Amino acid sequence: MEGLESLAWEYIHGRMRATRTPGVSVSLKRGGELLLQRGYGYRSLEKGLPATAETVYGIASISKTITAVAVMQLVEKGVLSLDDPVDKHLPVELRVQGEPVRVWHLLSHTSGIPALGYAEALLTGYAGLGRGWLPFSDPRDVLEWLERGARHWALAPPGERFLYLNEGYVALGLLVERLSGLSFPEYVKRFIAGPLGMRSTTFDYGEAWGSSLLATPYDSSKTPPRPAAIPPGLAADGGGWSSVVDLGKLMAALSSGGSLGGVEILSKRSVEEMEKPRARLPAQLFGDDSYGLGVMVYPGFPGGRLVGHSGNILFYTGFAGHIREKGLTVAVLANADPGSPQIAMTLAAAAAGADPWSLPFNTADRVLGALEGVYTGYRGTVRVRLERVGDALLLESLEPPGRREVLFPERLDPAEPVFLTARAGKRMRVSFRIDLEEGVVEMLYDRYRLVKAQAGE
């Protein structure tokens, strides 16, 4: 326990410092045992209020898991089938290349329609961060947007390709409303949050912003971080609000097959249906990463099969998941972007008995951090600078001056990483050797052997 708390303290504060994130909250349980549940930093810098495990954040796309649970409940009640065409239940013509878009296509992001950008334009426009401006206040406007996108912007027949589509989950929220006769916020409160004792969870924007436990969202690209604004137009795709305590309860219910404390919100069969891989994720972390119905599935995660969802609405980020075979649940929420999924996965790996530093993003951080700096050739005749840009390196030639190239990782081996760049239409490998014991980092770049200068040189 002490080792896990120490790891969490160092790792979380390190990411908060690097990203200027004001506050992070964490819940980590194993087999019902509370391993870690606390806040780090502030939920409000201006008021000096600390982040706690009960702090309420926007949960962004973690909302999709809740929406998927709601849809599966309606399937269990017999008022809906996953194979139903969406336009059977909603006043919209949703056809792609002549084929109907079905409920499961929207749940699994396999409608064939690529992202139409409504949420991106709404968020950035409201925050004054870009030229995008799409002031949709009613989910029915998003449904119209989706119908037009299906006609003019589709890429593939339904069921063939993973294309993340926020608009599809807005439609699913409307479907829940139409078939239940309740508003989506009321449905969630009555049939999911209420039964599980998720007291801080809501899809009601006014209720969330009226909470004394709400974390202020921050634009951490500013120095110091500045309070930011979240628009009220987000819906079942990303308009939920919750705490890590509440999300831990949801993950515990899913991990146990749909029930918590004797209260069942879904059958075991429905949970299995949600967690069955439907489409391979385009960005692979562990191999065979896939998307089910409202959840991401990582069968190759160290320590066991991880199921969960991440979320990001610019100024709120998070991740919630579970490893059933270890009885482990994890939830991380933040009021900026410290890399909440990375924090959650690092803690989950450690709690599951795996090496958290072997996770691909931690390896990348360690290798890229070691490679940044100034390198010199034989007796200082050539000098270059390497600077990290995302998960790549920007190489700038200092002597002779002028050349700038981007190096993309091909193999992030901790001792002998290899990168690729392009020149005159040709690929070129750039190889490194890292010997931390000797304190030596060197690079073979084009015809040059270059050695990284030590601090103070």
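None of the figures in this text is laboratory data; all of them are computed from the coordinates on show. Keep in mind it's a predicted model, so treat the numbers as computed, not measured. As a convention, Cβ positions derive from the backbone with ideal geometry for all residues, glycine included, and neighbour counts pool all protein chains shown.
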Quiz item: For the chain, what is the mean residue ellipticity at 222 nm derived from helices alone (per DSSP H run of n ≥ 4: -39500 (n - 2.57); sum divided by total residues; nearest 500 deg cm²/dmol)?
Solution: -8500 deg cm²/dmol
Practice problem: Step through the residues of the range 433-439 one at a time and calculate ³J(HN,Hα) from phi using the Karplus curve (6.51 cos²θ - 1.76 cosθ + 1.60, θ = phi - 60°), rounding each to whole Hz and writing x for Gly and Pro. | Solution: 10, 10, 10, 5, 5, 7, x
Quiz item: When we measure straight from the Cα of Lys47, which lysines land under 26 angstrom away, once same-chain ones fewer than 8 places off are left out?
Solution: Lys222
Quiz item: Taking the inverse of the average 1/r across all pairs of different Cα atoms in the chain, what Kirkwood radius in Å do you get?
Solution: 23.5 Å
Quiz item: Check Val56: other-chain or 5+ apart residues with amide H under 5 Å from its amide H, H built from backbone geometry?
Solution: Leu214, Ala215
Quiz item: With θ set to phi - 60° and the Karplus curve 6.51 cos²θ - 1.76 cosθ + 1.60, what are the ³J(HN,Hα) couplings of the range 199-208 in order, to the nearest whole Hz, using x for Gly and Pro?
Solution: 5, 9, 8, 7, 10, 8, 4, x, 5, 5
Quiz prompt | Relative contact order for the range 299-457, counting Cα pairs under 8 Å that sit 6 or more residues apart, in percent | solution = 13 percent
Quiz prompt | the range 285-330 versus the range 103-131: alpha-carbon centroid distance in Å | solution = 21 Å
Quiz prompt | Straight-distance crosslink candidates among lysines, where the alpha carbon sits under 17 Å from Lys249 and sequence neighbours closer than 8 are dropped | solution = Lys29, Lys64, Lys189, Lys268, Lys326
Exercise. Grab the beta carbon distance between Trp153 and Gln284, set R0 = 25 Å, and tell me the FRET efficiency rounded to 0.05.
Key: 0.45
Self-check item: Straight-distance crosslink candidates among lysines, where the alpha carbon sits under 30 Å from Lys426 and sequence neighbours closer than 8 are dropped
Solution: Lys452
Exercise. Give the relative contact order (percent, whole number) for the range 1-146; include only Cα pairs under 8 Å separated by 6+ residues.
Key: 10 percent
Practice problem: Quick one: which residues, 5 or more positions from Arg43 or on another chain, have an amide H under 5 Å from its amide H? H modelled 1.01 Å from N in the peptide plane, none for Pro or chain starts. | Solution: Leu49, Ala51
Self-check item: Rg [Å, one decimal], Dmax [Å, integer] - the range 55-141, C-alpha atoms
Solution: 15.5, 47
Exercise. With N set to the residue count of the range 109-160, report its C-alpha Rg divided by 2.2 N^0.38 Å to two decimal places.
Key: 1.25
Quiz item: Tell me, what is the percent relative contact order of the range 2-355, built from C-alpha pairs under 8 Å that lie six or more residues apart?
Solution: 24 percent
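Tell me whether the range 193-323 comes out rounded, prolate or oblate; compute the Cα gyration tensor, take square roots of the eigenvalues as a ≥ b ≥ c, and use a/c under 1.5 as the rounded threshold.
Note, shape of the range 193-323 comes out oblate.
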Quiz item: Kirkwood-based Rg over Rh for the range 364-452 (C-alpha set), two decimals?
Solution: 0.93
Exercise. Name the long-range amide H neighbours of Leu36: under 5 Å, sequence gap of 5 or more, or other chain; modelled H, no Pro or chain starts.
Key: Leu28
